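The structure appears below as structure tokens.
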Amino acid sequence: MLHGRLVARPLAAAPAAMVPYLRLMRLQAPIGTWLYLLPGWWAIALSTTSGVRLLDLVLFGLAAVFMRGAVCTVNDIVDRDIDARVRRTASRPLPSGAVGVGTARVFTAVQLAVTLALLIPTGGRTVAAVAASFPLFVIYPYVKKFSNLPQFWLGLCFNTYAFAGSLAVTGRITAPVLALWGAGVFWTIGYDTIYGHQDKEDDRRIGVGSTSLLFGAATRAWVSLFYALTVAGLLWAGTLAGAGWGYYVLLVPFAGHLVRQLVTLDIDSPDRCLRLFVSNRWAGLIVFAAALLAQSH
């Protein structure tokens, strides 16, 4: 299975005592880190007029690893009983007993502290924005227990890194970055709806909600709408930023990538859903490249 290969490779060389904690951080599946990081990089690139600072990109990248790790650890603490009843997640460190709840809470605090420390050189407002977003992530695992719309909440909070990127460069949240954030929200709803189809039978059995269950056979149509709004939001962001032609040219292959996802989507194939979800790293990197070209006229 694809998922098994993705999990096994990065942890093979790690000391056995570290493996449960690396799994709590999801280092075995870095796609989530990429999807959290990329809107931050978009905002950094689109906000600058004098060239992107490599240090900002590196610090944002490292901080994203620990922030995503902290968020995943909290999610696992809240979902430990649910995870124990889902085939794909039953072997995670908390439901399997490899890590205790108290230890996981301490580990969360350490990861959050490292995240904020890494971002200090980018400015106090950046640190404050990321710290303020953390409670939104804490709420996320509860949303699926009373709603079919957890992907909407995930989109709202998962793209707040764009605000941090804007603050790091300009000291404020600009109009183009608000548009980037909106585009990211719809992108997240789309790709996470695809991802959720891996667990739909387990979710239905244990009574938790998702847009994958809500949309069902109409998933392709709904994801098409969300992806269209993603492209519209990116076009709006470019217009507000006065982006050059290179930005718009690169949005064409980005849109093509999304169309390919929609054409090849099979909601009844977990492997296909995972492959399409993971492919969004490349989609997001195309947008980053476009943002780098935005100031080239």
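Read the figures in this text as sums done on the coordinates, not as results from a lab. Keep in mind that this is a model prediction, so the values were computed, not measured. Every residue, glycine among them, receives a Cβ derived from its backbone with ideal geometry; neighbour counts consider all protein chains shown.
Remarks
- Selection status of Ala218, crowded, with 17+ Cβ neighbours inside 10 Å, out of contact with any Lys or Arg (no Cβ under 9 Å at 6 or more places or on another chain) and without any contact (Cβ under 8 Å) to a residue 40 or more places away in the chain: no
- Failed item in (1) assigned to a helix (DSSP H, G or I); (2) out of contact with any helix residue (DSSP H, G or I) (no Cβ under 6 Å at 6 or more places or on another chain); (3) closer than 18 Å to Thr188 by Cβ, with Ala109 passing the rest: (3)
- Residue that is nearest to Tyr36 (Cα to Cα) [pool: residues in the stretch 91-112 that are small (Gly, Ala, Ser) and surrounded by 13 or more Cβ atoms within 10 Å (Cβ to Cβ)]: Ala104
- Across the stretch 263-272, not a single residue is classified as assigned to a helix (DSSP H, G or I), more than 13 Å from Gly190 (Cα to Cα), in contact (Cβ under 8 Å) with a residue 40 or more places away in the chain and in contact with a Gly (Cβ under 7 Å, 6 or more places away or on another chain).
- Condition met for Asp271 (in contact with a helix residue (DSSP H, G or I) (Cβ under 8 Å, 6 or more places away or on another chain), surrounded by fewer than 17 Cβ atoms within 10 Å (Cβ to Cβ) and within 17 Å of Ile31 (Cβ to Cβ)): yes
- Near pairs, Cβ below 7 angstrom, 6+ apart or cross-chain, from the stretch 12-37 (over 14 Å from Phe66 (Cα atoms)) to any residue that is of a type in the set (Val, Ile, Thr) and in a loop (DSSP other than H, G, I, E, B): Pro20/Val99
- The conditions of being under 15 Å from the mean Cα position of the chain (by Cα) and either without any contact (Cβ under 8 Å) to a residue 60 or more places away in the chain or surrounded by 14 or more Cβ atoms within 10 Å (Cβ to Cβ) (or both) are met by Gly69.
- Restricted to helices (runs of 4 or more DSSP H) entirely inside the stretch 23-103, those with at least 2 residues that are β-branched (Val, Ile, Thr) and farther than 16 Å from Pro141 by Cα are 31-47, 54-83.
- Close pairs (8 angstrom Cβ cut-off, 6 or more residues apart or separate chains): under 15 Å from Trp42 (Cβ atoms) in the stretch 229-247, surrounded by fewer than 17 Cβ atoms within 10 Å (Cβ to Cβ) anywhere: Leu235/Tyr248; Gly238/Tyr248; Leu240/Ala175; Gly246/Ser296
- Hits in the stretch 274-285 (condition: closer than 17 Å to Ala183 by Cα and surrounded by fewer than 19 Cβ atoms within 10 Å (Cβ to Cβ)): Arg281, Trp282, Leu285
- Screening the candidates Ile139, Ile120 for the property of being β-branched (Val, Ile, Thr), farther than 17 Å from Leu167 by Cα and surrounded by fewer than 17 Cβ atoms within 10 Å (Cβ to Cβ) yields one hit, Ile139.
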